[in-house]
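Bear in mind these aren't lab numbers, they're just calculated from the coordinates by the rules spelled out. Fair warning: this is a prediction, and the values are worked out from it, not measured in the lab. Heads up, the Cβs are rebuilt from the backbone with ideal geometry, glycines too, and the neighbour counts pull from every protein chain shown.
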Amino acid sequence: MALEVGVILLVTSFLLIFLGVPISISIAASSIITMLVIFPFDVTIFTAAQKMVTGLDIFSLLAIPFFVLSGIIMNSGGIALRLINFAKLLSGRLPGSLAHTNIFGNMLFGAISGSSTASAAAIGRVMTPLQEKEGYNRAYSAAVNIASSGTGMIIPPSSLMIIYSLVSGGTSIAALFMAGYIPGILWGLSLILVAYFIAKKNNYPIASKVKFSEKFKVFLDAIPSLLLVIIVLGGITAGVFTATEGAAIAVAYAWFLSVCYKNFQIKQLPKMLIETVEITAVIMLMIGTSAVLSIVLTFAGIPSAITDGILQITDNPILVLLIINLILIIVGTGMDVTPAILIFTPILLPVVENIGMDPVHFGIVMVFNLCIGSITPPVGSPLFVGCKVAKVEIEEVIKPLMPFYASIFVILLLVTYFPQISLFLPRFFNL
């Protein structure tokens with residue numbers, strides 16, 4: 001039964017996606033078609049409708065629209081420019097300092113906004129013209145921006161972690177948030193190392209010296225923006241408020257900063273709210289349809305069948321994790337991160353739990369893999385946005401991206417095979 005149902009589900013879903021049907025509709029339609037093989041028509045329709053409603057009836061999902069809105073407010077609230085100025089301080093006078101500034105800027109803004117796409121747009125829009133004036137190749141500038149934008153989905157707060165928590169059966173959101181810090185920072189630092197050697201090779205300019213008084217002023221300007229992460233994550237970790245309440249506080253704080261910076265106009269609010277509703281609606285529809293998919297997978301026994309299949313190939317944890325990494329990277333190159341988490345978490349989580357992997361650790365490994373996919377052709381919003389901002393074609397950035405890909409893959413292997421990298425902070429804070 002599992003094989004027959006699996007074939008029907010796979011063929012119908014890929015056929016619909018190939019025909020250009022939106023992923024959420026493809027998931028729902030293929031799930032219902034497959035359920036008709038197992039249940040009568042009336043039971044299928046009732047079960048699918050009920051599962052979509054109950055799949056969205058979860059309090060923690062309220063955090064998603066709040067985090068989306070806070071990211072939109074930050075993107076137009078003058079916060080990005082202050083973080084870029086602070087990133088210049090962090091990059092110091094390293095060779096190719098503007099490239100390092102771009103990387104640090106994406107790490108900071110991505111962490112605060114929780115969106116790699118918003119980060120690639122906001123930071124790239126400022127940094128690309130500056131780098132071009134200093135003699136940087138446009139394709140290389142785009143590659144730096146694209147490669148570092150993925151850190152925004154790993155360094156918390158991240159709505160992807162909330163979605164994974166939901167699908168994985170209630171993995172601690174606070175633990176997932178804290179687990180993302182070190183892997184995300186290592187991703188960024190590996191890019192800085194690559195950018196350093198490229199800058200030395202191409203003789204990219206070093207930033208001019210800045211007076212201490214100017215550094216201090218930039219630091220003071222950046223403190224209010226940086227406090228957002230401390231307030232939100234500190235409150236969640238300490239148990240002062242939930243992830244949903246923390247997301248609401250993030251919106252209020254981002255709005256407050258935008259007003260203080262005099263970058264917020266009341267006429268912008270309807271557009272921001274409409275954009276938030278549009279993004280949230282897409283995510284929620286995918287979550288609802290994925291809930292229908294999960295019941296098909298459960299009744300057909302597909303996760304256990306896949307677990308048995310992989311373990312029949314090998315029961316060596318090293319090889320099992322290598323296979324899963326390859327699967328997730330391939331999936332990430334052709335599918336957005338959110339639906340990939342919703343679809344593949346219930347399939348792959350039983351496999352890794354069978355070899356004793358911590359769900360928090362697997363959540364970070366999964367998001368890390370899919371983030372790599374999001375900056376890899378042919379699909380990936382940060383990839384397209386980064387190219388659009390830099391006004392270059394995707395084909396032009398592939399070659400300059402290759403050294404950065406190599407460094408990211410090294411970090412992926414470290415994060416995969418050394419769970420302490422992900423689990424150190426959650427265990428330190430007893431999460």
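Kindly give Rg over Rh for the range 296-335, based on alpha-carbon atoms, with the Kirkwood expression for the hydrodynamic radius. Before the final figure, lay out each step's value.
Working: Rg = 11.7 Å, Rh = 11.2 Å.
Ratio of gyration radius to Kirkwood radius: 1.05.
As a quick test, which of the pairs Lys211/Lys391; Lys133/Lys209; Lys200/Lys399; Lys215/Lys262 have an alpha carbon distance above 25 angstrom in this structure? Mind showing how you got there, number by number?
Values: Lys211/Lys391 34 Å; Lys133/Lys209 18 Å; Lys200/Lys399 18 Å; Lys215/Lys262 22 Å.
Over 25 Å Cα-Cα: Lys211/Lys391.
Taking the Cα-to-Cβ direction at Lys209 and at Ile318 and moving 7 Å from each Cα, how far apart do the two end points lie in nm?
5.1 nm
Taking +1 at the Cβ of each Lys and Arg and -1 at the Cβ of each Asp and Glu, which of Leu83, Phe39, Val68 sits farthest along the dipole of the chain towards its positive end, judged by Cα position relative to the Cα centre?
Of the listed residues, the answer is Leu83.
Based on the alpha-carbon set only, what is the convex hull volume of the range 84-139 divided per residue, in Å³?
Normalising the Cα hull of the range 84-139 by residue number yields 70 Å³.
If a paramagnetic tag sat 7 Å from the Cα of Leu413 along the Cα-Cβ line, which residues of the range 314-347 would have the backbone N under 19 Å from that point?
316-330
Roughly how many nanometres apart are two label points built 7 Å out from the Cα toward the Cβ at Glu134 and Phe299?
Here the answer is 5.9 nm between the modelled labels.
Scale the Cα Rg of the range 3-60 by the rule-of-thumb value 2.2 N^0.38 Å and send over the ratio, two decimals. All intermediate terms of the calculation are to be shown ahead of the outcome.
Values: Rg = 12.5 Å, N = 58, 2.2 N^0.38 = 10.3 Å.
Computed over Cα atoms of the range 3-60, the ratio equals 1.21.
To the nearest 0.05, what FRET efficiency results for Gln268 and Leu90 with a Förster distance of 41 Å applied to their C-beta separation? Intermediate results must be reported in sequence, preceding the final value.
Values: r = 30 Å, r/R0 = 0.73.
Efficiency at R0 = 41 Å is approximately 0.85.
Just grab the label-to-label distance for Leu15 and Met402, each label 7 Å out from Cα along the Cβ direction, in nm (one decimal).
Calculated label separation equals 4.0 nm.
Choose one answer from Ser149, Ser294, Ser115: the residue with the largest mean-square fluctuation in a GNM of the chain with alpha-carbon springs under 10 Å.
So, out of Ser149, Ser294, Ser115, the one fluctuating most is Ser294.
If you build the convex hull over the alpha carbons only and average its shadow over all orientations, what do you get for the range 332-374? Give it in nm² to one decimal. Before the final figure, lay out each step's value.
Numbers: hull surface 10.8 nm².
If I average the Cα hull's projected area over directions, I get 2.7 nm².
Relative contact order for the range 289-389: what is it in percent, counting Cα pairs under 8 Å that are at least 6 residues apart?
Working: 96 pairs, mean separation 33.8, N = 101.
Relative contact order here is 33 percent.
Given contacts defined as C-alpha pairs under 8 Å and at least six residues apart, what's the relative contact order of the chain, whole-number percent?
Working: 657 pairs, mean separation 109.4, N = 431.
Relative contact order for the chain comes out at 25 percent.
Using Cα-only point scatterers and the Debye equation, what is log10 of I(q)/I(0) for the range 161-301 at each q in 0.12, 0.16 Å⁻¹, rounded to two decimals?
-0.85, -1.19
What lysines does Lys267 reach when the alpha-carbon gap must be under 28 Å and sequence neighbours fewer than 8 apart in one chain are set aside?
Lys267 reaches Lys388.
Using only Cα atoms, locate the centre of the range 317-339 and the centre of the range 277-312, then give the distance between them in Å, rounded to an integer.
15 Å
Report, in debye and to the nearest 20, how large the dipole of the chain comes out about its Cα centre when Lys and Arg carry +1 and Asp and Glu carry -1 on their Cβ.
Details: 20 positive and 18 negative charges, 398 e Å.
Once rounded to the nearest 20, the dipole reads 1920 debye.
Which values of log₁₀ I(q)/I(0), to two decimal places, follow from the Debye formula for the range 103-175 at q = 0.27 Å⁻¹ with a uniform point scatterer at every Cα?
-1.07
If each residue of separation counts as 0.36 nm, what is the full-extension length gain between Glu4 and Ala238 once their alpha-carbon separation is subtracted? Please list the in-between numbers first.
Values: separation 234, 0.36 × 234 = 84.24 nm, distance 4.81 nm.
This chain segment gains 79.4 nm when fully extended.
What's the whole-number percent of alpha carbon pairs in the chain lying beyond 42 angstrom?
On the way: 12542 of 92665 pairs.
Roughly 14 percent, once rounded to a whole number.
Only helical DSSP H runs with n ≥ 4 go in: add -39500 (n - 2.57) per run for the chain, normalise by residue count and round the 222 nm mean residue ellipticity to 500 deg cm²/dmol.
Numbers: 21 runs with 344 residues, N = 431.
So the calculated ellipticity at 222 nm is -26500 deg cm²/dmol.
Considering only Gly135, Gly110, Gly150, give the residue with the highest GNM mean-square fluctuation for the chain, with springs between Cα atoms whenever their separation is below 10 Å.
Result: Gly135 has the largest fluctuation of those listed.
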